[in-house]
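Written out below as structure tokens is the structure these notes cover.
The values are calculated or read from the model by the stated rules, or taken from the named source; none is laboratory data. Quantities reported herein were computed from a predicted structural model and do not represent experimental measurements. Counting neighbours? That spans all protein chains shown, and the Cβs are built from the backbone with ideal geometry, glycine included.
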Amino acid sequence: MNSAPNDVIAATAVALAVGLAFIAGCAVYYGRQITSRRIPMQWGVDGQPAWFAPRLVGLWFSFGVTAALSAFLLALALHDPQKVTALIVATVSLIGTNMWVQVYHLKRVIRWQRETPAS
């Protein structure tokens with residue numbers, strides 16, 4: 001019975017690896033299309049950028065957040081096996097959400113870059 005939580009955690013670790021590979025792939029693929037040195041990180045209600053970050057941070061922020069929070073949640077799951085199901089659900093939800101956010105954000109940055117006149 002003790003191997004079942006370990007199997008679930010192992011499967012979640014595989015999902016994390018796939019998710020991180022996807023996020024990294026997006027950073028590389030879309031990053032080639034982003035030429036601006038500083039890119040928007042958040043959008044205001046008017047559709048304009050609210051604040052900017054250096055290009056490297058903007059491209060890899062989602063990867064770092066996903067890796068750090070997922071590692072934390074997986075460590076909690078290993079530490080407290082009674083809560084493993086809830087923590088695994090949280091981890092997989094985080095991974096999936098950040099995969100979607102990475103694609104949306106980088107496509108939005110590319111669109112912003114096309115619409116912004118060169119200065």
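Inspect all residues belonging to region 14-24 and state whether any of them is within 17 Å of TRP112 (Cα to Cα) and either surrounded by 15 or more Cβ atoms within 10 Å (Cβ to Cβ) or in contact with a helix residue (DSSP H, G or I) (Cβ under 6 Å, 6 or more places away or on another chain) (or both). No, every residue in region 14-24 fails to be within 17 Å of TRP112 (Cα to Cα) and either surrounded by 15 or more Cβ atoms within 10 Å (Cβ to Cβ) or in contact with a helix residue (DSSP H, G or I) (Cβ under 6 Å, 6 or more places away or on another chain) (or both).
Scan region 85-103 for residues that are polar (S, T, N, Q) and surrounded by fewer than 18 Cβ atoms within 10 Å (Cβ to Cβ) and jot them down. Result: THR85, SER93, THR97.
Does GLN82 meet the test of being exposed (fewer than 13 other Cβ atoms within 10 Å of the Cβ), over 24 Å from ALA24 (Cα atoms) and without any contact (Cβ under 8 Å) to a residue 12 or more places away in the chain? When the stated conditions are applied, GLN82 passes them. Within region 17-44, residues that are within 22 Å of THR66 (Cα to Cα) and in contact (Cβ under 8 Å) with a residue 12 or more places away in the chain sit with their Cβ atoms under 6 Å from residues that are assigned to a strand (DSSP E or B) and aliphatic (A, V, I, L, M), at 6+ positions apart or across chains, in these pairs: MET41/ALA53. In summary, ALA71 fulfils each of the numbered conditions (1) more than 17 Å from VAL18 (Cβ to Cβ); (2) surrounded by fewer than 18 Cβ atoms within 10 Å (Cβ to Cβ) with the single exception of condition (1).
Of everything listed in (1) under 19 Å from the mean Cα position of the chain (by Cα); (2) not in a helix (DSSP H, G or I), the single unmet condition for THR35 is (1).
Residues are listed down the side, and each one gets a yes or a no for (1) in contact with a Ser or Thr (Cβ under 6 Å, 6 or more places away or on another chain); (2) at pLDDT 90 or above; (3) under 16 Å from PRO49 (Cα atoms); (4) charged (D, E, K, R):
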residue: THR66; (1), (2), (3), (4): no, yes, no, no
residue: ALA77; (1), (2), (3), (4): no, no, no, no
residue: LYS83; (1), (2), (3), (4): no, no, no, yes
residue: ALA86; (1), (2), (3), (4): no, no, no, no
residue: ASN98; (1), (2), (3), (4): yes, yes, no, no
residue: THR116; (1), (2), (3), (4): no, no, yes, no
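Restricting region 1-16 to residues that are in a helix (DSSP H, G or I) and either more than 21 Å from TRP100 (Cβ to Cβ) or modelled with pLDDT under 75 (or both), which is farthest from the chain's Cα centre (by Cα)? Ranking the qualifying residues of region 1-16, first place goes to SER3. Do we find a residue being under 30 Å from ASN6 (Cβ atoms) and either exposed (fewer than 12 other Cβ atoms within 10 Å of the Cβ) or among the β-branched types (Val, Ile, Thr) (or both) anywhere in region 41-54? No, region 41-54 has no match at all. Going residue by residue through region 68-91, is there one that turns out to be more than 15 Å from the chain's Cα centre (by Cα), among the charged types (D, E, K, R) and over 30 Å from ASN6 (Cα atoms)? No: zero hits.
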